[in-house]
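Have a look at the structure below before the remarks.
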Amino acid sequence: MKANNIQNGGLICQIEDKVVIGNKVKGAGMYWLQGGRCQELKEIMPWFMNEDEAYIYYSDELKDRYLCRMSIGDGIEVTLVKEPVYLLQRHKSDLFYINEKNRQLYCYGIEDRAVHSIIDQEISNFVITQKGICYSNERGIFMTSFNGRENEKISKHQAIRLICNGNYLVFADKEQEYILSYIDLENGDAKTIEGSMTSSILAIDGQIFYSNAKENSHIYRYSIESDLQFKIVPERADYLHLIDNNLYYLSKDTKIWMKAPIQGGKAIPVIESF
């Protein structure tokens, strides 16, 4: 699910019993939530957070979006790559990202501490899947190996978001006014969800959650199996994230983080006030 959270900013991640949240409203700071307690760190603005047992990896807005890591134990921050990184995603011991200067895909090896070029052409988005890396640009959607040597075009659509859920690739179609769409990667069948327009998408177990710009940015839930959808959060929302079967989002009205069960239920503030 981490890769899907990354598509919406990667502003929230979970490390054991801790939830880490970037302060999108103030544009600086991060919060560590644990057991009802909240600790604030002000000298950092993390985007696209990834984690392992010892570190959090992210793009730091306050350090020219350089690739950084923070030790979970002592909170010490180290700059790994002095390049502006976008859509940072971890796969095993590698960190994949788009360099914002040339829009090409690179990989930073955590073990060898070296940067490797993966795709030497401009791309707009990518997501890590079990089969490889799925990426998009103005020519369509492609699947490539983790070293970038094998490429296969899987769709002509231009995607501004890419969400992988099992055999389905979910995306917002730029050429069709950002309508919510999905492709069955097994047979190539594509489908659009009428009445939708979005740039904030999540998917899990065949259920798609999205903020619908045509319906006041309220959150909807769509079932791929039944083709049915319904509104689950009647609130203007953005930056959807999913952690432990809870849907986190930033309320556009109150400007605070909220969370609601994905099965449905009342939304509550994550932190009362930032």
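The values are calculated or read from the model by the stated rules, or taken from the named source; none is laboratory data. Bear in mind the structure is a predicted one, so any value in this text is a computation, not a measurement. FYI the Cβ positions are ideal-geometry reconstructions off the backbone, even for glycines, and counts take in every protein chain you see. Heavy atoms of the whole protein, side chains included, go into the accessibility calculation; ligands, DNA and RNA do not. Shrake-Rupley method; radii C 1.70, N 1.55, O 1.52, S 1.80 Å.
May I have the extent of the alpha carbons of segment 1-122 along their three principal axes, as whole Å values ordered from largest to smallest?
Over segment 1-122, Cα extents along the principal axes are 46, 28, 26 Å.
Based on DSSP H runs of at least 4 residues, each adding -39500 (n - 2.57), what is the mean residue ellipticity at 222 nm of the chain after dividing by all its residues, to the nearest 500 deg cm²/dmol?
Using -39500 (n - 2.57) per qualifying helix, the result is -500 deg cm²/dmol.
If amide H atoms are built 1.01 Å from N in the plane of the peptide, which residues on other chains or at least 5 residues away come under 5 Å of the amide H of Tyr55?
Ile72
Is the shape of the chain best called rounded, prolate or oblate, per the rule: a/c under 1.5 gives rounded, else a/b larger than b/c gives prolate, else oblate, with a ≥ b ≥ c the square roots of the Cα gyration tensor eigenvalues?
Cα axes put the chain in the oblate bin.
Principal axis extents for segment 194-274, Cα atoms only, whole Å, descending order, please.
Here the spans come out as 38, 27, 18 Å, largest first.
Can you work out the FRET efficiency for the pair Asp184 and Glu111, with r the C-beta to C-beta distance and R0 = 41 Å, to the nearest 0.05?
0.70
Around Asn137, with a cut-off of 13 angstrom between Cβ atoms, what is the net charge of the other residues, counting Lys and Arg +1 and Asp and Glu -1?
Taking every other residue near Asn137 into account, the sum is +1.
Under the Karplus relation 6.51 cos²θ - 1.76 cosθ + 1.60, θ = phi - 60°, what is the ordered set of whole-Hz ³J(HN,Hα) values for segment 29-37, x standing for Gly and Pro?
Running phi through 6.51 cos²θ - 1.76 cosθ + 1.60 with θ = phi - 60° gives x, 9, 10, 10, 9, 7, x, x, 9 Hz.
Which of the trypsin sites (Lys or Arg not before Pro) found in segment 212-274 are loop residues per DSSP with 16 or fewer other Cβ atoms within 10 Å of their Cβ?
Listed in order of number, the matching sites are Lys252, Lys255, Lys266.
Enumerate by residue number the GluC sites (Glu not before Pro) in segment 104-166 meeting two conditions: DSSP loop (anything except H, G, I, E, B), and at most 13 other Cβ atoms within 10 Å of the site's Cβ.
Glu111, Glu122, Glu138, Glu150
Kindly write out, for segment 105-119 in residue order, the coupling ³J(HN,Hα) from the Karplus curve 6.51 cos²θ - 1.76 cosθ + 1.60 (θ = phi - 60°), rounded to whole Hz, with x marking Gly and Pro.
Along segment 105-119, the couplings run 8, 10, 9, 9, x, 5, 7, 8, 6, 10, 9, 10, 7, 10, 10 Hz.
Test of understanding: what is the full-extension gain from Lys252 to Asp64, defined as 0.36 nm times their sequence separation minus their Cα-Cα distance?
65.1 nm
What are the residues whose amide H is under 5 Å from the amide H of Lys252, where those residues sit 5 or more places off or on another chain and H is modelled from the backbone?
Those qualifying (amide H under 5 Å, at least 5 residues apart or on another chain) are Arg236, Ala237, Asp238.
How high is the relative contact order of the chain, given as a whole-number percent (alpha carbon pairs under 8 Å, six or more residues apart)?
Over the chain, the number comes to 10 percent.
So what does Ile232 come to for accessible area, using a 1.4 Å probe and Å² rounded to 10?
30
Roll a 1.4 Å probe over the protein chains and send me the accessible area per residue for segment 1-122 in Å².
Heavy-atom SASA per residue in segment 1-122 reads 47 Å².
With contacts defined as alpha carbon pairs under 8 Å and 6 or more residues apart, what's the relative contact order of segment 1-122 in percent?
In percent, rounded to a whole number, it is 14.
Residues with beta-carbon under 13 Å from that of Trp47, excluding Trp47: net charge, scoring Lys, Arg +1 and Asp, Glu -1?
Residues close to Trp47 contribute a combined charge of -1.
Can you give the charge dipole size of segment 160-223 about its Cα centre, rounded to the nearest 20 debye, using +1 on the beta carbon of Lys and Arg and -1 on the beta carbon of Asp and Glu?
Using Cβ point charges on Lys, Arg, Asp and Glu, segment 160-223 gives about 220 debye.
Determine the order of Asp120, Asp52 by accessible area, beginning with the largest, at a probe radius of 1.4 Å.
Asp120, Asp52
At a 10 angstrom cut-off on C-beta neighbours, averaged per residue, how do the peptides 6-13, 186-193 rank from highest to lowest?
6-13, 186-193
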